[in-house]
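> Pasting a structure below so you can have a look.
All of the numbers you see were taken from the coordinates with simple rules; none came from a lab. None of the values given here were measured: they were computed from a predicted structure. In this analysis, Cβ positions are derived from the backbone assuming ideal geometry, glycine residues included, and neighbour counts consider all displayed protein chains.
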Amino acid sequence: MYKHMLLPTDGSERSDKAADQAIKLAKSMGAALTAIHVTPEYPHFAYEESAVRIPASVKENFYEQSAQLSKKFLDKVTAAAGAAGVQCDAVSVHNVSPCDAIVAQAEKSGCDMIVMASHGRGQLSGLMLGSETTKVLAHSKVPVLVLR
Ligand SMILES: Nc1ncnc2c1ncn2[C@@H]1O[C@H](COP(=O)(O)OP(=O)(O)OP(=O)(O)O)[C@@H](O)[C@H]1O
Ligand SMILES: [Mg+2]
């Protein structure tokens, strides 16, 4: 029934565990995956003076390191999917809001389901759900499977 799942990953252990389950599920259903990692926008500073003091190389370095980390997180998922024989492409996007980027990507890629972990890198695992998962559940137009 579901043919194309979007798999958001933040590179955390919890996210990797969810990816393993999502890959098994995709295999059992003959579905394809698109993995997505959302990298943060370079912070905007409230005071012009602070922005002036920050050299351009710092911003370049920030984007370079974000891109490297994003590739590392996504490579883990695509390698695991490849080993399981599941078709999986990967996208890395900049956005201040991971939730907005995830919901937009689901539409752009024509995904019919989003599969993600209940929690990620955050320290407050006592909370029922992480903030991005909560927002994706609230805004997604396609079904969301939350894995624990
Ligand atoms: N930057 C991101 N890019 C892609 N997916 C993300 C990103 N951040 C979170 N996610 C997805 O959301 C899941 C839950 O993470 P979430 O951020 O909601 O909880 P958390 O990190 O435990 O808590 P917090 O609300 O403090 O961030 C992750 O396992 C991952 O699937
Ligand atoms: Mg988080």
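> Using a Cα-Cα cut-off of under 17 Å, which lysines could be cross-linked to Lys108, ignoring same-chain neighbours fewer than 8 residues away?
Answer for Lys108, where 17 Å is the Cα cut-off: Lys3, Lys141, listed by chain and number.
> Next up: Divide by every residue of the chain the summed helix terms, -39500 (n - 2.57) for each DSSP H run of at least 4, and state the resulting mean residue ellipticity at 222 nm, rounded to the nearest 500 deg cm²/dmol.
Here the helix-only value at 222 nm equals -16000 deg cm²/dmol.
> Test of understanding: ordering Phe62, Phe73 by Cβ neighbours within 10 Å, fewest first, what list do you get?
Phe62, Phe73
> Amide H to amide H, which residues 5 or more places from Gln87 or on other chains are under 5 Å from it, using H placed in the peptide plane?
Leu33
> Please work out the C-alpha center-to-center distance from region 1-24 to region 63-106 and express it in whole Å.
Cα centroid to Cα centroid, the span is 11 Å.
> Expressed as an acute angle from 0 to 90° and rounded to the nearest 10, what is the orientation of the C-alpha long axis of helix 13-29 relative to the principal long axis of the chain?
It works out to around 40 degrees.
> Calculate, axis by axis, the spread of Cα positions in the chain along the three principal axes, and write the results as whole Å, longest axis first.
55, 31, 28
> A follow-up question, please. Applying the Karplus parametrisation 6.51 cos²θ - 1.76 cosθ + 1.60 with θ = phi - 60° to the phi angles of region 33-43, what ³J(HN,Hα) value in whole Hz is obtained for each residue in order, glycine and proline being reported as x?
Rounded to whole hertz, the list is 10, 10, 8, 9, 10, 9, 9, x, 6, 4, x.
> Next question. Can you tell which of Ala84, Ala32, Ala22 shows the greatest fluctuation in a Gaussian network model of the chain with Cα springs below 10 Å?
Looking only at Ala84, Ala32, Ala22, the biggest GNM fluctuation is shown by Ala84.
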